[in-house]
């Protein structure tokens with residue numbers, strides 16, 4: 001595939017250039033040779049920023065092979081780790097020494113002499129921010145590696161509140177990149193993405209097609225796009241919508257097959273949407289938001305459940321199943337609530353004793369008990 005040469009600033013702080021589409025390393029093919037060929041196809045096409053993690057199974061090991069024969073020099077390589085997502089050893093913690101150890105380990109797994117970026121992974125609340133940035137913490141382990149030339153740049157990834165992230169941006173003079181979730185169905189971080197961009201911090205978007213939602217056949221989503229711009233190609237629309245936002249430097253494209261690369265790059269070669277088209281798309285998708293459809297808005301007033309059922313997670317599953325009509329996504333969310341690797345692991349919905357306390361406190365007046373029963377029948 002012919003290389004796309006268009007590049008943009010990767011934030012003013014880093015002084016790097018990046019393609020608007022980058023490599024997400026979570027879903028590489030199972031066979032190493034297939035993964036190597038796919039990674040090199042993406043790099044040859046211009047996708048030079050690579051987002052991986054110690055927690056992405058053997059992703060770092062596959063990248064080590066793909067980046068031989070001159071490919072390492074072509075890319076901006078980023079990895080990340082945190083003890084609440086993966087403990088390599090039972091004693092792993094947020095200390096500077098442990099983080100430094102994980103940096104060295106990732107470099108050995110990737111078989112590289114340095115990392116372009118190392119990120120604080122999954123900063124999801126203020127407590128984690130304080131724990132990872134205070135004296136002697138993860139940040140200082142990364143700063144040690146940077147001082148030694150092992151890490152060139154530092155960033156963080158987040159699912160925290162926009163209010164908290166805005167405060168972090170004000171104080172994190174060390175930060176050169178932030179990875180946010182952002183797409184047509186989830187505009188939560190729109191303002192802080194703009195703020196980060198203004199401050200010269202590289203802005204990276206994950207879940208650009210809403211975790212695969214826009215690749216599904218959803219009648220409500222199809223109608224929304226058709227009403228707005230007269231067409232129903234959800235994936236193309238999602239990419240062009242993001243491309244039209246000049247506060248975004250690059251999106252993460254999770255690659256598992258060649259068409260992930262070719263189709264995404266093709267969409268990014270198409271024209272930006274006009275401001276009027278963006279306005280219409282935003283209006284149509286706002287109608288589909290959890291709040292405007294009467295579904296769970298994740299206020300968590302329903303908690304705690306006496307049987308430890310994580311109600312907001314199951315209500316999110318219900319939103320995708322009952323309203324957007326995407327059962328595959330709903331099942332994934334449902335299964336994740338019960339997954340032992342989920343730090344907020346839930347009890348099974350069948351444990352519900354129908355006490356009704358959650359329904360009394362629900363701001364959206366959702367029939368939670370009935371909804372849990374429906375989900376259990378579908379996916380249990």
Next on the checklist: Counting other beta carbons within 10 Å of each residue's own, what order do 197, 19 fall into, fewest first?
Outcome noted: 197, 19
Item to check | Protection proxy ranking of 339-345, 69-75, 43-49, 248-254 - average other beta-carbon atoms within 10 Å, highest first | outcome: 248-254, 43-49, 69-75, 339-345
Checklist outcome for this item: Computed over the chain: longest principal axis from alpha-carbon atoms vs helix 258-268 long axis, angle to nearest 10 degrees, is 90
Checklist entry - To the nearest µm²/s, what D does Stokes-Einstein give for the chain at 4 °C and 1.567 mPa s, using the Kirkwood radius over alpha carbon pairs as Rh? => result 59
Checklist entry - Cα axis of helix 234-243 to longest principal axis of the chain: angle in degrees, 0 to 90, nearest 10? => result 50
Next on the checklist: Let me check against my output: what whole-number percent is the relative contact order of segment 8-283, with C-alpha pairs under 8 Å and at least 6 apart?
Outcome noted: 21
Checklist entry - For segment 311-379, what class follows from the C-alpha gyration tensor (a ≥ b ≥ c being the square roots of its eigenvalues): rounded when a/c is under 1.5, otherwise prolate if a/b is larger than b/c, else oblate? => result oblate
Item to check | Sorted peptide list for 148-156, 104-112, 83-91, criterion being average Cβ within 10 angstrom, highest first | outcome: 148-156, 104-112, 83-91
Checklist outcome for this item: Volume per residue (Å³) of the convex hull spanned by the alpha carbons of segment 203-317 is 142
Item to check | Debye log10 I(q)/I(0) at q = 0.17, 0.18, 0.22 Å⁻¹ for segment 266-324, Cα point scatterers | outcome: -0.71, -0.74, -0.88
Item to check | Shape of segment 1-100, Cα gyration tensor, a/c cut at 1.5 | outcome: oblate
Item to check | DSSP beta bridge pairing in the chain, given as percent antiparallel to the nearest 5 | outcome: 10
Next on the checklist: Using only Cα atoms and rounding to the nearest 10 degrees, what angle (0 to 90) does helix 275-287 make with the longest principal axis of the chain?
Outcome noted: 50
Item to check | Among 208, 219, 306, residue whose mean-square fluctuation peaks in a GNM of the chain (springs only between Cα atoms under 10 Å) | outcome: 306
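Rule-based calculations on the coordinates, nothing more; no lab input. For clarity, every value in this text was computed on a predicted model and none was experimentally measured. Backbone-built Cβ (ideal geometry, glycine too); neighbour counts: all protein chains shown.
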